[in-house]
Amino acid sequence: MVNVQMEPTWKAQLMPEFEKTYFSQLTDAVRREYAATTCFPPGSLIFNAFNLCPFHQVKVVIIGQDPYHEPGQAHGLSFSVQDGVQFPPSLQNIFKEIQQDLGTPVPLSGNLTRWAQQGVLLLNATLTVRAHLANSHSALGWQQFTDAAIRALASQREHIVYMLWGGYARSKAYMIDKTKNLVLESVHPSPLSANRGGWFGQHQFSRCNEYLKQNGLSPIVW
C-alpha cells in the first residue's frame with residue numbers, strides 16, 4: 001500500500017484506493033515525472049484540496065480538469081492561484097460573475113484557500129501536470145482516484161452543491177443523486193466558452209448559498 005500524507009477523514013475514505021494496483025502505478029509515474037522534469041503543483045501540495053477541506057465539512061464541490069501549468073500558479077486547488085499571481089482568464093470570469101451575482105468586489109488575490117476553509121472542495125480531476133503542457137498527466141490514472149472521492153461524497157453525504165462547469169466536469173454528474181444534492185451545470189468560465197453565453201448571469205453563487213441556507217448550513221463568503 002502506498003503511504004499518502006492526507007487529511008485523516010479523507011484518508012479514511014480513500015484508503016481502499018491506496019491499496020489498488022493502479023494507485024501504486026500512478027504514484028510511481030508521478031514520482032518519475034517530478035524527478036525528470038518540472039511539474040506542478042509542488043509535491044507537498046498535490047493533495048491540498050483534501051487537506052484544506054475535510055470530508056465531513058464539504059458543502060460545495062467545484063471540479064476542474066487539471067492544474068495550471070505555468071510557474072507559480074498551481075497550489076492544489078482548482079481554479080486557484082497563489083498570492084501575487086495574475087488571475088488566469090477563467091478565474092477572472094469567475095470573479096466577474098460573483099461580482100454581478102452578489103455585488104462582492106473582485107478580490108486582490110486569486111488564492112481560493114479561504115473558500116476551501118469554508119467547505120468548498122476545489123478538486124481537479126487530474127492532480128498534477130507537466131510545466132507548459134496542459135493535460136499532460138491526464139492519462140496517468142488520477143481520474144480513477146478523484147472519481148472515487150466524488151463517489152464517496154455522493155454515497156455518504158447529502159445537501160452538497162456540485163458546480164459542474166464545462167463538458168468535462170458535467171460528465172461527472174451521473175455519479176450524483178440530484179434528489180439529495182444541488183447540481184449546478186454551466187459552460188466553462190474560460191473566455192472561449194463564457195463569451196458564447198451560458199456562464200454570466202446564471203446566479204450560481206447566490207443559488208448555492210440559498211440552497212445551503214435552506215438546509216441549515218452557513219453560506220459561503222465568496
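Numbers below:
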{"quantity": "Amide H partners (placed H, <5 Å) of Val183, local residues excluded", "calculated": "Tyr162"}
{"quantity": "Anchor Lys172: lysines whose Cα lies under 24 Å away (excluding residues fewer than 8 positions away in-chain)", "calculated": "Lys11, Lys20, Lys59, Lys180"}
{"quantity": "Under 5 Å, built H, 5+ apart or other chain: amide partners of Cys39", "calculated": "Ala131"}
{"quantity": "Cα-only radius of gyration and Dmax that characterise the range 120-222, units Å", "calculated": "14.9, 43"}
{"quantity": "DSSP bridge pairs, the chain: antiparallel proportion in percent, nearest 5", "calculated": "20 percent"}
{"quantity": "Dipole axis of the range 91-222 (+1 Lys, Arg; -1 Asp, Glu on Cβ), positive-most option in Leu192, His137, Thr104", "calculated": "His137"}
{"quantity": "Counted charge near Phe50, where neighbours are those whose Cβ lies closer than 13 Å (Asp, Glu -1; Lys, Arg +1)", "calculated": "-1"}
{"quantity": "Sorted peptide list for 199-210, 39-50, criterion being average Cβ within 10 angstrom, highest first", "calculated": "39-50, 199-210"}
{"quantity": "Ser78 long-range amide H proximity, modeled H, under 5 Å", "calculated": "Leu122, Leu123, Asn124"}
{"quantity": "For the range 62-114 versus the range 134-184, the gap between their alpha-carbon centres in whole angstrom", "calculated": "20 Å"}
{"quantity": "Among Leu140, Leu122, Leu52: highest mean-square fluctuation, GNM of the chain, C-alpha pairs under 10 Å", "calculated": "Leu140"}
{"quantity": "Dipole moment magnitude, nearest 20 debye, the range 1-72 about Cα centre, only Lys, Arg, Asp, Glu C-beta charged", "calculated": "140 debye"}
{"quantity": "Whole-Hz ³J(HN,Hα) from phi, Karplus 6.51 cos²θ - 1.76 cosθ + 1.60, for the range 64-74, glycine and proline x", "calculated": "x, 8, 8, x, 4, 10, 10, x, x, 7, 6"}
{"quantity": "Per residue accessible area of the range 121-211, 1.4 Å probe, in Å²", "calculated": "42 Å²"}
{"quantity": "Loop-resident sites, the range 17-90, for GluC sites (Glu not before Pro), counting at most 13 other Cβ within 10 Å (DSSP)", "calculated": "Glu19"}
{"quantity": "Simple spin-label estimate for Lys213 and Ala29 in nanometres, 7 Å along Cα-Cβ", "calculated": "4.5 nm"}
{"quantity": "Heavy-atom accessible surface of the chain: percent carbon and sulfur, 1.4 Å", "calculated": "51 percent"}
{"quantity": "Charged-residue dipole, Cβ positions (Lys, Arg, Asp, Glu), the chain about Cα centre, Debye nearest 20", "calculated": "260 debye"}
{"quantity": "Relative contact order computed over the chain (Cα-Cα under 8 Å; 6+ residues apart), in percent", "calculated": "22 percent"}
{"quantity": "Lys/Arg +1, Asp/Glu -1 at C-beta; the chain dipole; positive extreme among Ala29, Cys39, Leu52", "calculated": "Leu52"}
{"quantity": "Sorted peptide list for 55-67, 106-118, 160-172, criterion being average Cβ within 10 angstrom, highest first", "calculated": "55-67, 160-172, 106-118"}
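The values are calculated or read from the model by the stated rules, or taken from the named source; none is laboratory data. Everything quoted here is computed from the prediction, not taken from an experiment. All Cβ positions, even for glycine, are placed from backbone atoms using ideal geometry, and neighbour counts span all protein chains on display. Please note that ligands, DNA and RNA were not included when accessible areas were found on the heavy atoms of the full protein model with its side chains. Shrake-Rupley method; radii C 1.70, N 1.55, O 1.52, S 1.80 Å.
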